[in-house]
Amino acid sequence: MTTNSDPIRWGILGTGRIAHSLATDLMLVPDGRLAAVGSRSKESAETFAKEYAANGPVRAHGSYEELAADEDVDVVYVASPHSHHLEHATLMLEAGRHVLCEKALTLNAADSQKMVDLATSKKLFLMEAMWMATNPIIRRLVTDVKSGRFGVPRHVHAELGFVADPEQHQRLLDPALGASALLDMGIYPLTFAHLLFGEARALTAQANIGTGADGGTFDLDLVMTGKYAGNELSTMVSSVTSYSSRSAAIATDQGRIELTDFHHPSSAVFKPANGDEPVEIVGDEPVIGAAYGNEIAEVQRCLREGLLESPLVPHSQTLSLMRQMDMIRESIGARYASES
């Protein structure tokens, strides 16, 4: 394993769009480097490795088992579909690799608990790749809202959706792979509200349901409402059939906070109700690249400090949100055919 003076050596499991996004930002984080990539196809792994070899050679593995056996990898980013997260993260953890696993962590809370338990028993770091929670602007916003800087928050609204093309986004429309507006997009507004208000005390949902070729059912469009410990309320929308504003707003007794692209904002602004000048909310540190860099930096900070989980994305938060999504899926009648 690397020492504290050496770069953190990353492996990436998968070569899809999100794997490219993380690899691009990894090149901007000084004390980390891409050491290896694993794919089901040797050719795909080699193409990916060549594309990101600017900071040093990247080993290309033609199987996930080969990646797991690579002793010169410290931490693996699991970028496969939701349906395979538990299998692939388990493979890496059993091989002694720390894991950053794409969200949602698994298909359900029971599987997420299994992953957390395994990482804990192996004394290995595990974090769900909720990059929004590591974004400097989101972190400052949450701190300021909780401190009362902008008044008492009463309601949050957040929405995220787009039209999934069957050719380009097949996974998003295939329940065998964990297709779900909730798991892909709804997790963002749920997490946003959770960061601000804590665990929801009550959640309700309405959805438009689709059926996959395997008989599984999944949500195409979803509207959720939540109530929290301080009687705060949330309204949340996710969709794979329509374009949303991708924005969020927090209403307080003194004004309104607005964010564009709230899941990876480059800015946030408080607009006082009394007509005073708007207040820009600025992060305490720069956004690195597209903000995947901040997620990478947090993982590396935790590894260097010997932490097994991140205080920004703790296991308890991930498990709480997985339970919330289980409850929502049950209430709307969405069920994967692969689930028992």
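Observations
- Residue 146-residue 208 pseudo-label distance in nm [points 7 Å out on the Cα-to-Cβ vector]: 3.7 nm
- Length-normalised contact order for the chain - Cα pairs under 8 Å, 6+ apart - percent: 18 percent
- Most mobile listed residue (27, 322, 185) in the chain, GNM with C-alpha springs under 10 Å: 27
- FRET efficiency for residue 94 and residue 326, using Cβ-Cβ distance with R0 set to 25 Å, rounded to 0.05: 0.45
- The Rg/Rh ratio for segment 1-53, using Cα coordinates for both the radius of gyration and the Kirkwood hydrodynamic radius, is 0.99.
- Considering only beta bridges that DSSP places wholly inside the chain, some 55 percent are antiparallel.
- Only helices enter this figure: runs of n ≥ 4 DSSP H residues, each worth -39500 (n - 2.57), summed and divided by the residues of the chain, yield -9500 deg cm²/dmol at 222 nm to the nearest 500.
- Spin-label zone in segment 8-45 - amide nitrogen under 13 Å from a point set 7 Å from the Cα of residue 304 along the C-beta vector: 8-9, 29-33
- Where 150, 162 fall by accessible area, highest first, once all protein chains stay in place (1.4 Å): 162, 150
- Enclosing the Cα atoms of segment 166-243 in their convex hull gives a volume equal to 93 cubic angstrom per residue.
- Between the alpha-carbon centres of segment 189-264 and segment 76-94 there is a gap of 26 Å.
- Taking a straight Cα-Cα cut-off under 23 Å and skipping sequence neighbours fewer than 8 places away in the same chain, the lysines within cross-link reach of residue 50 are 42.
- The slack between residue 335 and residue 253, meaning 0.36 nm per residue of separation minus the straight C-alpha distance, is 25.5 nm.
- Of all accessible heavy-atom area on segment 89-153, the percent that carbon and sulfur account for (1.4 Å): 52 percent
- Extension gain for the segment residue 87 to residue 42, taken as residue separation times 0.36 nm less the Cα-Cα distance, is 14.2 nm to one decimal.
- Segment 15-21 - phi-based ³J(HN,Hα) in whole Hz, Karplus 6.51/-1.76/1.60, Gly and Pro as x: 10, x, 4, 5, 5, 5, 4
- Relative intensity, log₁₀ I(q)/I(0), of the chain from a Debye sum that treats every alpha carbon as a point, q = 0.07, 0.10, 0.12 Å⁻¹: -0.28, -0.59, -0.85
- Sorting the Cα pairs of segment 1-125 by distance into bins of 10 Å, from 0 upward, gives 14, 48, 32, 6, 0 percent per bin.
- Segment residue 117-residue 277, extension gain: residue separation times 0.36 nm, minus the distance between their alpha carbons: 52.7 nm
- Proximal lysines to residue 271, defined as alpha-carbon separation beneath 25 angstrom and excluding residues fewer than eight positions away on the same chain: 146, 227
- Here the contact order of segment 248-340, divided by its residue count and restricted to Cα pairs under 8 Å and six or more residues apart, works out to 12 percent.
- Solvent-accessible surface of the chain, averaged per residue with a 1.4 angstrom probe and all protein chains in place: 42 square angstrom.
- Segment 110-211 - convex hull of the alpha-carbon atoms, volume per residue in Å³: 174 Å³
- With every protein chain in place, segment 164-220: carbon and sulfur % of accessible area (1.4 Å): 44 percent
- Carbon and sulfur %, accessible surface of segment 280-340 computed with the full protein complex present, 1.4 Å: 54 percent
- Pair-distance profile P(r), taking every C-alpha pair of segment 246-340, with 10 angstrom steps and integer %: 13, 25, 31, 25, 6, 1
- Counting only lysines at least 8 places from residue 122 when in the same chain, those with an alpha carbon closer than 28 Å to its own are 103, 114.
- Sorted largest first, the spans of the alpha carbon positions of segment 158-299 along the three principal axes are 55, 36, 28 Å.
The values are calculated or read from the model by the stated rules, or taken from the named source; none is laboratory data. On a predicted model such as this, the values are computed, not experimentally measured, just so you know. Don't worry about glycine lacking a Cβ; one is built from the backbone with ideal geometry, like all the others, and counts go over all protein chains shown. Calculation scope for accessible area: heavy atoms of the full protein, side chains included, ligands and nucleic acids excluded. Shrake-Rupley method; radii C 1.70, N 1.55, O 1.52, S 1.80 Å.
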